[in-house]
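Colleague: What follows is a single structure, and I will ask about it in a moment.
The values are calculated or read from the model by the stated rules, or taken from the named source; none is laboratory data. Since the structure is predicted, the reported quantities are computational estimates derived from the model, not experimental observations. No Cβ is skipped: glycine too gets one built from the backbone with ideal geometry, and neighbour counts run over all protein chains shown.
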Amino acid sequence: MCGRFTLFSADFLALLQTMNVKVIGKDTFTPHFNIAPGQQHWMLFKQQNALYATQAQWGISPDWMKPGQLLFNAKIETAMEKPTFKKAYSLHRCVIPINGFYEWTKDEEIKQPYFFYRMNEEVFFLAGIYFVYGEVKKFVLMTTRANTWMQSYHHRMPILLTKKNYMDWLSTKAIMEREDFEHVSTLLEQRKVSTKVNTGRIDDASCIDPI
């Protein structure tokens, strides 16, 4: 699963330029260290062979959910079977740029957060799908079964993409069901961080400080 993530690279907008990504809407960047469902975040999507980036809400509220609830993750194994996700999975894929994400373990009744990140805390991507509501876009993250390395933290994990393979996801050429993610242990590092991450009100660099 994935319930919080970060994007704090100061050169993020410059990175979009090197990727030939056109920015729609606000072209200003604010670093975030504790992004939660319901908040606005960057997503990249492909349209008519061009790449675009825009800010969209993380999470949707289908009619069948209770008011105030958000659906922010979707299982890739069943996405094509679920009416809520089927169209977006086929037509509206996106990638979510992050510097890392959090997972929790329960240690003596304390929810202990861990921060997962790439070497040098470089930007990488999570697979997602997006939904269009008039002029508004919203997205959910795709998850898969946790590999051996991640099972100690959660039985689900986000689908990780790098700058080398994110276009496969956007072009619907790969990961139609599930890739082998065992190699993720060589791509990610993790460290224990402060429980201040557990509250969405705190969003500063101290969230990712090791303890």
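Colleague: Taking Gly100 as the residue in question, decide whether it is surrounded by fewer than 12 Cβ atoms within 10 Å (Cβ to Cβ), closer than 22 Å to Gln55 by Cβ and modelled with pLDDT of 90 or more. Explain how you work it out, then say what you get.
Modeller: Details: surrounded by fewer than 12 Cβ atoms within 10 Å (Cβ to Cβ): no; closer than 22 Å to Gln55 by Cβ: yes; modelled with pLDDT of 90 or more: yes.
So Gly100 does not fit the description; no.
Colleague: Follow-up. The conditions are (1) touching a helix residue (DSSP H, G or I) at 6+ places or on another chain (Cβ under 9 Å); (2) among the basic types (Lys, Arg); (3) not in a strand (DSSP E or B), and Lys87 fails exactly one of them. Which is it?
Modeller: (1) is the only condition that Lys87 fails.
Colleague: So, in the stretch 117-134, how many residues would count as being in a strand (DSSP E or B) and within 27 Å of Asp63 (Cα to Cα)?
Modeller: Filtering the stretch 117-134 for residues in a strand (DSSP E or B) gives 117-118, 124-133.
Next, from what is left, pick out any that are within 27 Å of Asp63 (Cα to Cα): 126-133.
Total meeting the criteria: 8.
Colleague: For the stretch 28-50, how many residues meet the condition of being within 30 Å of Thr199 (Cβ to Cβ) and either of a type outside the set (Ser, Thr, Tyr) or surrounded by 14 or more Cβ atoms within 10 Å (Cβ to Cβ) (or both)? So that I can check it myself, show each step before the final result.
Modeller: Of the stretch 28-50, the ones within 30 Å of Thr199 (Cβ to Cβ) are 28-44.
Adding the requirement that they be either of a type outside the set (Ser, Thr, Tyr) or surrounded by 14 or more Cβ atoms within 10 Å (Cβ to Cβ) (or both) leaves 29, 31-44.
Counting residues in the stretch 28-50 that are within 30 Å of Thr199 (Cβ to Cβ) and either of a type outside the set (Ser, Thr, Tyr) or surrounded by 14 or more Cβ atoms within 10 Å (Cβ to Cβ) (or both) gives 15.
Colleague: Criterion first (surrounded by fewer than 22 Cβ atoms within 10 Å (Cβ to Cβ), of a type outside the set (S, T, N, Q), at pLDDT 95 or above and assigned to a strand (DSSP E or B)) does Tyr114 satisfy it? Let's see the steps before the verdict.
Modeller: On the way: surrounded by fewer than 22 Cβ atoms within 10 Å (Cβ to Cβ): yes; of a type outside the set (S, T, N, Q): yes; at pLDDT 95 or above: yes; assigned to a strand (DSSP E or B): yes.
Yes.
Colleague: Still on this structure: Identify all residues within the stretch 15-39 that are under 23 Å from Cys207 (Cβ atoms) and either within 17 Å of the chain's Cα centre (by Cα) or without any contact (Cβ under 8 Å) to a residue 24 or more places away in the chain (or both); write none if there are none.
Modeller: Scanning the stretch 15-39 gives Thr28, Phe29, Thr30, Pro31, His32, Phe33, Asn34, Ile35, Ala36, Pro37, Gly38, Gln39.
Colleague: Out of the residues in the stretch 40-76 meeting the condition of being touching a residue at least 60 places away in the same chain (Cβ under 8 Å) and in a loop (DSSP other than H, G, I, E, B), tell me which one is farthest from Ile208 (Cα to Cα).
Modeller: My answer is Ile76.
Colleague: Also: Name the residues in the stretch 34-76 that are β-branched (Val, Ile, Thr) and modelled with pLDDT of 95 or more, would you? Break it down stepwise before answering.
Modeller: Step one: of the stretch 34-76, the residues β-branched (Val, Ile, Thr) are 35, 54, 60, 76.
Scanning the stretch 34-76 gives Ile35, Thr54, Ile60.
Colleague: Within the stretch 135-148, which residues are surrounded by fewer than 17 Cβ atoms within 10 Å (Cβ to Cβ) and either without any contact (Cβ under 8 Å) to a residue 12 or more places away in the chain or in a loop (DSSP other than H, G, I, E, B) (or both)?
Modeller: Pass one, the stretch 135-148, residues surrounded by fewer than 17 Cβ atoms within 10 Å (Cβ to Cβ): 135-136, 145, 147-148.
Listed by number, the residues that qualify are Glu135, Asn147, Thr148.
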